[in-house]
1. Condition first: open to solvent by less than 30 Å² (accessible area, probe 1.4 Å) and small (Gly, Ala, Ser). Now tell me which residues in the stretch 200-231 satisfy that.
2. Could you grab the pairs with beta carbons closer than 9 Å, sequence gap of 6+ or different chains, first residue in the stretch 148-163 and open to solvent by 60 Å² or more (accessible area, probe 1.4 Å), second one of a type in the set (Lys, Arg) and modelled with pLDDT of 90 or more?
3. When only residues in the stretch 340-367 that are aliphatic (A, V, I, L, M) and without any contact (Cβ under 8 Å) to a residue 60 or more places away in the chain count, which is most open to solvent (accessible area, probe 1.4 Å)?
4. Answer yes or no as to whether residue 88 is modelled with pLDDT of 95 or more, open to solvent by 20 Å² or more (accessible area, probe 1.4 Å) and either in a helix (DSSP H, G or I) or not β-branched (Val, Ile, Thr) (or both).
5. Which of the numbered conditions does residue 389 fail, given that it passes all the others? Conditions: (1) open to solvent by less than 50 Å² (accessible area, probe 1.4 Å); (2) farther than 15 Å from residue 277 by Cβ.
6. Here's a check for you: in the stretch 292-325, which residue that is among the charged types (D, E, K, R) and farther than 16 Å from residue 270 by Cβ is most open to solvent (accessible area, probe 1.4 Å)?
7. Could you run through the stretch 217-240 and say how many residues are in contact with a strand residue (DSSP E or B) (Cβ under 8 Å, 6 or more places away or on another chain) and touching a residue at least 60 places away in the same chain (Cβ under 8 Å)?
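The values are calculated or read from the model by the stated rules, or taken from the named source; none is laboratory data. Remember, predicted model here, so these are calculated numbers, not experimental data. A quick note on method: Cβ atoms are made from the backbone with ideal geometry, for glycine too, and the neighbour counts reach across all protein chains shown. All accessible areas refer to the heavy atoms of the entire protein, side chains included, with ligands and DNA or RNA removed. Shrake-Rupley method; radii C 1.70, N 1.55, O 1.52, S 1.80 Å.
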Amino acid sequence: MTGLAAFEEIIDASGIAPRIEAVLPAGPRSRQLSVRTLLAGLCLAQADGRPAHLTRVRQALVSLPGDDQRRLGVLADWNGGPHLLTYRQTEYTFGLAARALAKDEPGGLPSPELQAACDGLLEASVPEEFKDASASLAVDWTDLESFSRPPPHGTRDCADPEAGWGHRKNNLLRSQDELSYGYYLSAGVMMPEENGPAIPELARRAAISSCRHDPVRAFAPVLTAMPAAGTGLGDIPGDSGYAHRDAGAWAIPLRAAGAQLIQDLHPHDRGPKGTHHGATTANGNLYCPQTPRTLTGPGPLARTATKAQATGHDRQTSELARYKLGRLTADDEDGCHRVQRPAAMGKIRCPLRPASMTLDRDRPEIPQLPENPQACCTQQTITVPPDVLAKTARKHDCPSAAWRRSYARRTGAERGFATAKDPATTNIARGWCRLMGLAPLMLFTAALLAVRNQRILTTWNTRQQENQRRAARGLPPRTRKRRRKTLTATASAGPP
């Protein structure tokens, strides 16, 4: 269990307690339970692995030592003598805070004040030595069920009208998605930079939205607001669910904020998808119009591919890179940049550029010229406006080996959700939080992720100390045991 002092330090560093207190209505008498103590109780309850119930929050506070109870106001002197915090006082203060942070007309999205409180708490849970260690964030979303029973078909009459029907993946052998009633939890988890040192995988941003809203569009403003708060954006690994959204919903805002997108393309977006001044647009790049179709067709390497298959796949993607038009300039004020044809860059041999025919014959050669060469073949360079490849452009060519290594960091977001859904600690399944509405659920979730960050830091520090002790004895760092065969493959193999 993480100590009370660590949670108080996080709450004070975030500065959210006085901001919430400032907007709470004043009653006829002062409240015994302050917002600062309430937030500490939320964190203590989650650190103990307790569900997100206000009764558990009160139990965590009244279980503290007597000195801490008096310091935090859990035990106060009243006219009749010492008074211990009651459940009704806990419920009253939490209700005031939730109503103050919620929207006047709830619609399934957090208010700016609620999102700022969540961001502040998570940012304060990241230690100073790791704030600038990496700007890469692995993003993903998962389901977060409401405790309310779903409304009857065709109505919204239920205890939690902000919730909605959504889809979630299952761990069964079938591929169909399951329906869930509640919310989507989106998170951005810190990951190491490419070829950079390892760092603890801390949740740095999170947001909750109703399943009636697109989680990608709901999470994009949270990430784009980070540079203004002093936290720069770097690589953003994400799956095809993010890449398949229209460019204005995800790709364009993230690039404008300084992010580099590293994501898998949706199967509908792979392969040749048109032309620009004669150049073929495929997989987020511009290629020579005479590029063999066999090179632009294959998708990412299968997870079960052998070493020989990976070598052949990488050889094919390296051959495809020779036909790519090379970028010459950065984006100007209008978002345009210029690219140069591959023959002018010395990557292929093309009769339309006689100087390229003197190159070594290990380079590909264009066997047949088009009847009416367009600008990409006749000009040295062409201009690429921002609307071309705005949706599919990425940091690395897909599906290259460099993209595959960088994209592998995306699984950090899944590991973050796995720790939040671990039954051994805090399982955020249905019944974890029985309060209705987005604001109460998001306050508990923010406390849960802050506690989860402290668990990750404790494990990280323990591992680093163990590695230092092993290094002092001349031993290599301890490696993790990895499962060489999946459970599905073992089950399908049958009896020996």
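1. Of everything in the stretch 200-231, those that are open to solvent by less than 30 Å² (accessible area, probe 1.4 Å) and small (Gly, Ala, Ser) turn out to be 203, 206, 207, 209, 210, 218, 220.
2. Note: pairs meeting the criteria are 159/149.
3. Residue satisfying both the conditions and the ranking: 345.
4. Judged against the criteria, residue 88 is a match.
5. (2)
6. Selected residue: 303.
7. Result for the stretch 217-240: 12.
Conditions (1) closer than 27 Å to residue 121 by Cα; (2) over 23 Å from the mean Cα position of the chain (by Cα); (3) of a type in the set (Lys, Arg), marked per residue:
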site	(1), (2), (3)
143	yes, no, no
155	no, yes, no
159	no, yes, no
167	no, no, no
177	no, no, no
183	yes, no, no
199	yes, no, no
202	yes, no, no
205	yes, no, yes
